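S.K.: This is the structure I have questions about; it appears just below.
The values are calculated or read from the model by the stated rules, or taken from the named source; none is laboratory data. Source: prediction; values computed, not measured. Note that we place each Cβ from the backbone using ideal geometry, even for glycine, and neighbour counts take in every protein chain shown. Calculation scope for accessible area: heavy atoms of the full protein, side chains included, ligands and nucleic acids excluded. Shrake-Rupley method; radii C 1.70, N 1.55, O 1.52, S 1.80 Å.
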Amino acid sequence: MSLLENAKQYVGAELDTIFFRPLLTGPSAQELGVRVLYNMPVPTTVQLWDGQRDILQKHTAKGWSGGQVAKKYQKTIALNRVKAELGFAAADYFSLVYEKIAARADVNMDDLTGTELEQAETALFRQAVAESIRATMWVGDTSATTGYNTFNGFLKTINDCLIAEPFYALPYQASDVNDPAKIIEIFDALWKNADTRLQDMKAEGQLAFFVTSDLYFLYEKYLDSKGVDAAYTDTVNGRQSLSYHGIPVIDVRLGNYLANTSHHKSFCLLTDRRNLVLAVNTSDFPGNEVRMWYNPDEMENRQRALFMAGCDILDESLLAYAYCE
């Protein structure tokens with residue numbers, strides 16, 4: 001056997017439970033590093049409440065003195081219809097799927113069932129869709145003629161806001177990336193000049209520095225330069241994660257995607273993870289599906305996913321942004 005010819009289609013509940021829910025909930029959603037809204041009603045609206053801050057009063061008499069009601073803000077996340085398609089030469093596809101099966105210790109390669117093949121095919125396509133969503137979430141630009149243009153990403157929103165400057169923005173030069181000490185200057189500047197509301201959120205444990213890979217490496221070099229045993233051990237063994245003053249430093253891993261965009265190629269963003277929202281919907285639009293089939297005319301295995309996705313920043317003032325000019 002060197003071909004996989006059984007067609008598969010996920011719609012309705014199967015589209016949710018088998019394909020997208022493992023991708024967008026639990027540990028998989030946490031790996032994205034942002035707030036994920038999955039299958040919220042369309043239009044997807046986030047409610048933000050801002051109650052009065054000084055509500056304690058002297059209790060001297062009966063009656064109501066609560067003043068105005070709490071203010072409610074809301075942000076609607078625009079969802080766009082998107083399509084993901086992949087095609088593989090039949091022999092290559094067979095090898096890719098079987099490689100995933102062979103990597104499992106609990107599989108008898110002499111007695112493969114259709115379920116195991118289906119799981120391997122699904123995992124292969126799910127991985128590709130997940131990476132495409134992650135990349136578009138950051139670099140997406142609907143005005144671009146090619147590339148990741150299905151919906152606007154966070155960087156598009158940030159670049160549009162730089163004109164009005166509702167948040168602190170710090171430009172730096174490409175030569176600064178050669179000095180490991182510069183990364184500390186950037187972190188400190190973003191923290192000191194961030195909105196006080198953002199600083200107060202540190203206690204909630206959701207703040208993060210989102211950085212490009214060059215700045216992540218620069219911070220690693222800065223830590224390597226510290227003359228202590230822990231620095232030597234980390235230099236040899238590597239570091240699973242980085243933090244600065246208790247705030248996680250997250251590598252956005254966009255090196256392959258930023259080159260062909262108009263976005264800044266190097267940046268550092270300080271914000272609350274919950275302020276960056278990704279929304280995906282697979283249930284409120286007719287025709288949403290995942291389909292995998294074999295095309296005998298082209299001798300090609302094909303995969304297609306139809307769903308809705310979008311992302312936005314809830315409050316632009318809760319950002320602090322440094323970028324390479």
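S.K.: Take Val46 and decide whether it is under 37 Å from the mean Cα position of the chain (by Cα) and at pLDDT 75 or above.
M.R.: The answer is yes for Val46.
S.K.: Answer yes or no: is there a residue in segment 271-280 that is touching a residue at least 12 places away in the same chain (Cβ under 8 Å), part of a strand (DSSP E or B) and closer than 20 Å to Ile184 by Cα.
M.R.: Yes, segment 271-280 has at least one match.
S.K.: From the residues in segment 147-198 that are basic (Lys, Arg) and open to solvent by 50 Å² or more (accessible area, probe 1.4 Å), which one is farthest from Leu269 (Cα to Cα)?
M.R.: Residue satisfying both the conditions and the ranking: Arg197.
S.K.: Considering only residues of segment 200-215 that are touching a helix residue (DSSP H, G or I) at 6+ places or on another chain (Cβ under 7 Å) and part of a helix (DSSP H, G or I), which is surrounded by the fewest Cβ atoms within 10 Å (Cβ to Cβ)?
M.R.: Ser213
S.K.: Quick check on my filter: what residues within segment 223-250 are part of a helix (DSSP H, G or I) and modelled with pLDDT under 70?
M.R.: Asp229, Ala230, Ala231, Tyr232, Thr233, Asp234, Thr235, Val236, Asn237
S.K.: Follow-up question, since we're still on this one. Residues to consider are Thr261, Thr271, Thr282; find the one that is β-branched (Val, Ile, Thr) and more than 17 Å from Ser132 (Cα to Cα). Talk me through it step by step, then tell me what you get.
M.R.: Working: Thr261 fails: more than 17 Å from Ser132 (Cα to Cα); Thr282 fails: more than 17 Å from Ser132 (Cα to Cα).
Just a single option satisfies the conditions, and that option is Thr271.
S.K.: For Lys182, state whether it is in a helix (DSSP H, G or I) and without any contact (Cβ under 8 Å) to a residue 40 or more places away in the chain.
M.R.: Judged against the criteria, Lys182 is a match.
S.K.: Kindly check whether there is at least one residue in segment 284-295 that is surrounded by 20 or more Cβ atoms within 10 Å (Cβ to Cβ) and part of a strand (DSSP E or B). Steps first, answer last, please.
M.R.: Taking segment 284-295 as the starting set, the residues that turn out to be surrounded by 20 or more Cβ atoms within 10 Å (Cβ to Cβ) are 288, 290, 292.
Filter once more, so that each one left must be part of a strand (DSSP E or B): 290, 292.
Yes: one or more hits.
S.K.: Could you please find all residues in segment 296-325 being of a type in the set (Ser, Thr, Tyr) and either buried (at least 17 other Cβ atoms within 10 Å of the Cβ) or part of a loop (DSSP other than H, G, I, E, B) (or both)? Explain how you work it out, then say what you get.
M.R.: Looking only at segment 296-325, we keep the residues that are of a type in the set (Ser, Thr, Tyr), and these are 317, 321, 323.
Scanning segment 296-325 gives Tyr321, Tyr323.
S.K.: State all residues of segment 122-133 that are open to solvent by 20 Å² or more (accessible area, probe 1.4 Å), within 22 Å of Ile158 (Cβ to Cβ) and not hydroxyl-bearing (Ser, Thr, Tyr); if no residue qualifies, say none.
M.R.: Glu131
S.K.: So which residues in segment 12-23 are surrounded by fewer than 16 Cβ atoms within 10 Å (Cβ to Cβ) and among the hydrophobic types (A, V, I, L, M, F, W, C)?
M.R.: If the condition is that a residue be surrounded by fewer than 16 Cβ atoms within 10 Å (Cβ to Cβ) and among the hydrophobic types (A, V, I, L, M, F, W, C), then Ala13 is the only one that fits.
S.K.: Another question about this same structure. Specify the residue that is surrounded by the fewest Cβ atoms within 10 Å (Cβ to Cβ); the eligible residues are those in segment 24-41 that are of a type in the set (Gly, Ala, Ser) and assigned to a helix (DSSP H, G or I). Spell out the reasoning first.
M.R.: Keep residues of segment 24-41 that are of a type in the set (Gly, Ala, Ser), which gives 26, 28-29, 33.
Within this subset, residues satisfying the condition of being assigned to a helix (DSSP H, G or I) are 28-29.
On the way: Ser28: 14, Ala29: 19.
Among them, the one singled out is Ser28.
S.K.: Is it the case that Leu218 is surrounded by 19 or more Cβ atoms within 10 Å (Cβ to Cβ), touching a Pro at 6+ places or on another chain (Cβ under 7 Å) and either at pLDDT 90 or above or more than 30 Å from Arg81 (Cβ to Cβ) (or both)? Show your work before the answer.
M.R.: Details: surrounded by 19 or more Cβ atoms within 10 Å (Cβ to Cβ): yes; touching a Pro at 6+ places or on another chain (Cβ under 7 Å): yes; either at pLDDT 90 or above or more than 30 Å from Arg81 (Cβ to Cβ) (or both): yes.
Considered against the rule, which asks whether it is surrounded by 19 or more Cβ atoms within 10 Å (Cβ to Cβ), touching a Pro at 6+ places or on another chain (Cβ under 7 Å) and either at pLDDT 90 or above or more than 30 Å from Arg81 (Cβ to Cβ) (or both), Leu218 comes out as yes.
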